Structures are given as C-alpha cells and as structure tokens.
1. Can you pull out every residue in the range 218-236 that is surrounded by fewer than 15 Cβ atoms within 10 Å (Cβ to Cβ) and part of a loop (DSSP other than H, G, I, E, B)?
2. Could you grab me the full set of residues in the range 119-145 that are modelled with pLDDT of 95 or more and exposed (fewer than 14 other Cβ atoms within 10 Å of the Cβ)?
3. Does residue 190 count as within 15 Å of the ligand (Cβ to nearest atom), in the same structural domain as residue 114 (by TED's automatic domain parsing), assigned to a helix (DSSP H, G or I) and modelled with pLDDT of 95 or more?
4. Looking at the range 110-128, can you tell me whether even one residue there is under 29 Å from residue 226 (Cα atoms) and not in a loop (DSSP other than H, G, I, E, B)?
5. Across the range 129-149, what is the number of residues that are in contact (Cβ under 8 Å) with a residue 12 or more places away in the chain and within 16 Å of the ligand (Cβ to nearest atom)?
6. Counting just the residues of the range 201-217 that are part of a loop (DSSP other than H, G, I, E, B) and either farther than 8 Å from residue 14 by Cβ or at pLDDT 75 or above (or both), which one comes out farthest from the ligand (Cβ to nearest atom)?
7. Within the range 272-294, is even one residue free of Cβ contacts under 8 Å to residues at least 24 places away in the same chain and either on the phi > 0 side of the Ramachandran plot or in contact with a strand residue (DSSP E or B) (Cβ under 8 Å, 6 or more places away or on another chain) (or both)?
8. Residue 99 - would you say it is over 28 Å from residue 6 (Cβ atoms) and either at pLDDT below 95 or more than 11 Å from the ligand (Cβ to nearest atom) (or both)?
Ligand code: SF4
C-alpha cells in the first residue's frame, strides 16, 4: 500500500470525481477536495435565486462526497475571475457558450496553487478520456496539464491506464496497476465500480449542470455579447439574468425580459435597478424588465408585449405600469399579436 502521500482532487459532486477519490483512498492516499463555484452551475444558481425546489445542489453534493468519504472539501468561489474566462476564452467555445478548455485550465491552475498551500503531492480529477467532446480527448488532456503547470502531477485515476504514465505513478506515489482504463461515453464501468464500492446514491454527471452548455442559454449569451455597448463591463448579474424569462430583442440597443411564472416574476424584480420594469395593473400577467434607453414608441411597444402575456383577452385594452428612474407612468395598450412577439424571441 502507498503511504504518506496527499492528493488534492477536483470534486464536482458527481460520480466520476467521487470514484477517482475513492480509488486513491483505497491505496492509502490522503485525499483533500476542492469545489470551484463558477456562478454558472444550474442547480447552485437556481437555488440561490429561490426558483428551484431542489433540496440539494452540486456544491452541497461535493461537500457530501467529502463527508461520506471522510475528507475535507473546500468550496472556492471563482465567479469573479470566471467572467473573463467566459467572455474572452483563449481556446474558444464548445458547441454552445461553454469555454471548457479555459475553464478547466483555470481550475487546474488554482488547484496547483492550493496543492502547494496544503502540502499535497499531486492533483487528481475524475475526467474520463473520450467522455466529453471538448475537453476529454487525449491531446486536450495533455494541453490542460501543461497549461496549468501540473505536467506530470495531474492524475486521472479513472482513465490512467489509457494515458501516459505520470510522474506521480513513476515515482511510486500511486500504484498504477490499481487505477482504471475507462474511456468513451458509456458510463457502465463507472456504475459497476460504484456498485463494487457499495455506492448506491449519487447525482447525475456534472457536465449537465452548467448553464453554458445549454443551447438556449448559449443563444442568449451570444446575443448579449454581440450587443454589448463598447466599454460596458459585464457582471454576474448580466449572466444571471440570461437564466430568467423569455428574452426578446427589440433593437440592437434594447432587450426585454419577460417572466414566465411567478417565481421568475419575483426574481426579476430583484434586477429592476437601472432597468425599466413593466407589469399589468389590474389583471394577472408577467413582470418584464427592459434594458437600454427606450423611445416613447418603444415603451408603448414593450407595454403591448406585456399585455400579450397577461391574462387579458386579445381585444382588451390593458393598463400597463411602467417604472423607471424612480417614477411611474401607465400605458393603455392593445396586446401585440402572438406571431409578432414570436419573431422577437431569442430561442
Ligand atoms: S461544462 Fe461548464 S463547468 Fe464544465 S468545463 Fe465546461 S464550462 Fe467548465
């Protein structure tokens, strides 16, 4: 049994990183965990804004993995610096708005810093070669090792037998023969290994947790980036807003967000500062936020959109309240026709 070695693992709360940790613990290696909160995790973010009934999220799952396997997991908030990663990715985007290579490189760089701080000998992750299209090909895995400064000191216990030997194995800190050679998209070997370890309850793979891989989110994201006024700094609030409501592009400079249910209507009210907010006065209907400077005609048009999504009959005239810059006014409008609205929605 390998003795007296300490490893720092990226723990996502999913099955793969749990198994990777477990394989090392079986060898007598002391494991520590780290979970990076980017601000783009679906469960974490919905829960934070109170629009999810889920009792757990990945952050809490990561802590639970540590609790179950008896090691400490540090939650590290990287959301501020992540804004630059997501808007200027050196290695570009995947299929949607996901800058996976940059994201992983940033996480591994941070893990390296932390490895040194906590006196760990190496870093490990639950990556499986060939499992995900952008980040888990052999050349990309190598590139990430080099770019993060972890060359030779980044172990992927689940796929180690399919990868070149690392310094960690060469030095005998880890017994390579006890690692795995999983590869490809099938999750059967992981499920089998989980059974062997007696793990019966585990969350779904973590890849599906990121807003940035969602095609609808991606279209809103790129619309936002394309129409960003020069010199305007992005904030997490901008990206949080992309997760709420229907987004309608009224012009290059004006975008409208219309709540789809009570939870979203309430959440949108929290983002009203610096924006125009509209809602029907006497009948049930959505809360809408509008970004950008609007002309009178555009305000009127936006009010018609609010009326369209209200409970009013298509021929009713609807009073819509409009709050901006601390003052309120009302528009009385006819609802816009559904097909006119449909053309404006970013789908
Ligand atoms: S899916 Fe999201 S969190 Fe995962 S590597 Fe890609 S960008 Fe990062």
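1. 228, 229, 230, 231, 232, 233, 234, 235
2. 119
3. Taking the combined requirement at face value, the residue does not satisfy it.
4. Checking the range 110-128: not a single residue is under 29 Å from residue 226 (Cα atoms) and not in a loop (DSSP other than H, G, I, E, B).
5. 14
6. Filtering the range 201-217 down to residues part of a loop (DSSP other than H, G, I, E, B) leaves 201-205, 214.
Imposing the further condition that a residue be either farther than 8 Å from residue 14 by Cβ or at pLDDT 75 or above (or both) reduces the set to 201-202, 214.
On the way: 201: 22, 202: 18, 214: 10 Å.
Going through the qualifying residues, I end up with 201.
7. Checking the range 272-294: at least one residue is free of Cβ contacts under 8 Å to residues at least 24 places away in the same chain and either on the phi > 0 side of the Ramachandran plot or in contact with a strand residue (DSSP E or B) (Cβ under 8 Å, 6 or more places away or on another chain) (or both).
8. When the stated conditions are applied, residue 99 does not pass them.
The values are calculated or read from the model by the stated rules, or taken from the named source; none is laboratory data. Small disclaimer: the values here were computed from a predicted structure and weren't measured. Cβ atoms come from the backbone with ideal geometry, glycine included; neighbour counts cover every protein chain shown.
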